[in-house]
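Enquirer: Just passing along the structure, written as structure tokens.
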Amino acid sequence: MENKVTKIGVLTSGGDAPGMNAAVRAIVRTGIYNGMEVFGIMRGYAGMIDNDIVPMHSRSVANIIQRGGTILKTARCKEFFEYEGRKKAYANLKKLGINGLVIVGGDGSFRGAHKFSNEFDIPCIGIPGTIDKDIAGTDFTIGFDTAVNTAVEAIDKIRDTADAHDRLFIIEVMGRDAGYIALHSGIATGAEHILIPERKTDIEELIDSLMEKERRKKLVNMVVVAEGDNFGGADEVAKVVKERIPSADTRVCVLGHIQRGGSPTCMDRLIASRMGYASVECLMEGRHNVMVGILNNKMHYTPLERAVKAKQKISDEWIKIVRILAS
Ligand code: F6P
């Protein structure tokens, strides 16, 4: 571990997130600036196992800062969660002399990195890249700002048509285990109700509230549901609403993967650039096996072990804001 890092491997892993390209660009260029060789590992850990690894140059990352997706491709790789898979991956890195890794991904990707760095002598640095924003130790994750703005734009459009027809819309946004996209996009679009996995959904309370709104002729109502809500997604909620309030003209819209694509916002490009730069600095300073984050506008380093265990909490104040503003 004490050896100087001279060759970096960079990979993007798990669900893609807008801004991953900006992070890759920053890692490649900061590495080259500091006299290192940089390699791109294709399709996340799968490329590490299959030896799908390519040298990167300053020009390899030209014209990508504004592009969604990831030029390195990504995958969710089960084989890396087996020791044999990690051993194969290590042998491939060793052959190329790669002695430092930067992983841009979410908690699943960090779990893999944490295991790998415990078993083999290659330091790993994590960069939080996930639209879900469900990682502790950072105020921002790459892709969240773009995803939430995409959701806001879509929900605003839905409100136009809901208003024209006096309809009740149940809108599902992404977030398997986390309600951040639902919470932020719901507040920003003035949704009447927001259902998130972090709070147990009380369906009776929702029905009562929607009925009360009907009685006072509030005819346009928007319910934003995170896909991982414990009651189920938008379809399950809509089933109950249609049964119990047949007079409401109810429609469902599932936003789906459009939230993962598109050109990253300025915010996502900036945090990706800062984190990418800081990840290489970490490797140079010998600060190993940490996740690079930003807390209170300062770079913050969380041990990978903690980053994979802790989750961001949603404070009760957010929930209070939703209740008060959506009356
Ligand atoms: O990357 C996070 C995420 O978009 C979650 O919000 C969602 O549940 C999941 O990925 C979907 O993954 P996939 O595209 O592999 O179906």
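Enquirer: Treating the beta-carbon of each Lys and Arg as +1 and of each Asp and Glu as -1, no other charges, what is the dipole magnitude of the chain about its Cα centre, to the nearest 20 debye? The partial results should precede the final answer.
Expert: Details: 44 positive and 42 negative charges, 175 e Å.
Rounded to the nearest 20 debye, it is 840 debye.
Enquirer: For the range 224-327, max minus min Cα coordinate along each principal axis, in Å, sorted largest first?
Expert: Largest first, the range 224-327 extends 64, 31, 26 Å along its Cα principal axes.
Enquirer: Below 8 Å between Cα atoms, with a sequence gap of 6+, how large is the relative contact order for the chain in percent? Before the final figure, lay out the partial values.
Expert: Details: 723 pairs, mean separation 76.6, N = 327.
Relative CO of the chain lands at 23 percent.
Enquirer: I'd like the distance separating the alpha-carbon centroids of the range 81-129 and the range 202-226, in whole Å.
Expert: For the range 81-129 versus the range 202-226, the Cα centre distance is 48 Å.
Enquirer: Quick one, can you get me the convex hull of the C-alpha atoms of the range 145-260 expressed as volume per residue in Å³?
Expert: Numbers: hull volume 9.7 nm³, N = 116.
Cα-based convex hull of the range 145-260, divided per residue, equals 83 Å³.
Enquirer: Would you order Phe81, Phe116, Phe144 from fewest to most other beta-carbon atoms within 10 Å of each residue's own beta-carbon?
Expert: Numbers: Phe81 13, Phe116 24, Phe144 28.
Result, fewest neighbours first: Phe81, Phe116, Phe144.
Enquirer: Now for a separate question. Hey, fewest Cβ within 10 Å first, where do Glu243, Glu281, Glu172 land in order? All intermediate terms of the calculation are to be shown ahead of the outcome.
Expert: Values: Glu243 9, Glu281 14, Glu172 25.
The fewest-first ordering by Cβ neighbours comes to Glu243, Glu281, Glu172.
Enquirer: On a full-extension model of 0.36 nm per residue, what is the gain between Asn34 and Arg59, subtracting their alpha-carbon distance, rounded to one decimal in nm?
Expert: Numbers: separation 25, 0.36 × 25 = 9.00 nm, distance 1.61 nm.
Using 0.36 nm per residue and subtracting the Cα-Cα distance, I get 7.4 nm.
Enquirer: Any idea what the relative contact order of the range 144-204 is, in percent, if you count C-alpha pairs under 8 Å spaced at least 6 apart?
Expert: Numbers: 44 pairs, mean separation 20.1, N = 61.
So the answer I get is 33 percent.
Enquirer: Then there's this: Among Lys115, Lys95, Lys218, which one shows the highest mean-square fluctuation when the chain is modelled as a Gaussian network with alpha-carbon springs under 10 Å?
Expert: Lys95
Enquirer: What share of the DSSP beta bridges in the chain is antiparallel, in percent to the nearest 5? Intermediate results must be reported in sequence, preceding the final value.
Expert: On the way: 10 of 42 bridges.
Percentage antiparallel, nearest 5: 25.
Enquirer: Please find, in a Gaussian network model of the chain (springs between Cα atoms separated by less than 10 Å), the residue of Gly69, Gly293, Gly108 whose mean-square fluctuation is greatest.
Expert: Per the Cα network of the chain with a 10 Å cutoff, Gly108 tops the list.
Enquirer: Let me ask you something else. For the Cα atoms of the chain, what angle does the longest principal axis make with the long axis of helix 20-33, in degrees from 0 to 90, nearest 10?
Expert: For helix 20-33, the angle is close to 20 degrees.
Enquirer: Follow-up. Taking the Cα centre of the range 145-260 as origin and charging only Cβ (+1 Lys, Arg; -1 Asp, Glu), how large is the dipole, in debye to the nearest 20? Spell out each step's value before the answer.
Expert: Numbers: 16 positive and 22 negative charges, 51 e Å.
About 240 debye.
Each reported figure results from applying straightforward, stated rules to the coordinates on display, with no laboratory input. As the structure is a prediction and not an experimental result, all values here were calculated from the model. Here the Cβ is made from the backbone with ideal geometry for all residues, glycine too, and neighbour counts use every protein chain on show.
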